[in-house]
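Following: one structure in structure tokens, then a few remarks.
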Amino acid sequence: MRHRLTVRVQPKASADRLEGWAADEAGRPFLKLRVRALPAEGAANAAVEALVAKALGLPKSAVKVVTGGKNRLKGLDIEGPEALAARISELAGGSDGSSKD
């Protein structure tokens, strides 16, 4: 099953970490995260994929940046079982922000 997660990324951070949930002006939830990688040649996107995969206990290949490749706000597709939706919602101690596709 494919799950969708929206994240807002801060590159060039001091550490790779999940920051918690927030919402944009329209009220759409997203997960804030920080990565040490520079936003060049896809390094930050690869770091985002690795960080989210590690947090969910999935292989890196299960997480892909599918929208916002050059923007801070990105859409991720995550391959995993239906029960994964609950784990996504619990990331960084928050709730909601994921959808099933």
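Each reported figure results from applying straightforward, stated rules to the coordinates on display, with no laboratory input. Treat the numbers as computed from the prediction; the structure is a model and nothing was measured. Please note: Cβ atoms are built from the backbone with ideal geometry, for glycine as well, and neighbour counts cover all protein chains shown.
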Positive-end residue of Leu58, Ala83, Ser14, charge dipole of the stretch 2-95 with Cβ unit charges: Ser14
Among Leu31, Leu58, Leu76, residue whose mean-square fluctuation peaks in a GNM of the chain (springs only between Cα atoms under 10 Å): Leu58
At R0 = 22 Å the Cβ-Cβ FRET efficiency linking Ala13 and Lys60, nearest 0.05, sits at 0.70
Comparing Val35, Val66, Val52 in a Gaussian network model of the chain (Cα, 10 Å), the one with the largest mean-square fluctuation is Val66
Tabulate in residue order the Karplus-calculated ³J(HN,Hα) for the stretch 21-30, using 6.51 cos²θ - 1.76 cosθ + 1.60 with θ = phi - 60°, rounded to whole Hz; enter x for Gly and Pro. 8, 8, 9, 7, 4, 8, x, 7, x, 8
How far apart, in nanometres, would the label points at Asp77 and Ser89 be if each is projected 7 angstrom from Cα along the Cα-to-Cβ direction? 2.4
Correct choice for semi-axes √(5λ) of the Cα gyration tensor in Å that was computed from the model, options (i) 63, 17, 4; (ii) 19, 15, 13; (iii) 24, 15, 12: (ii)
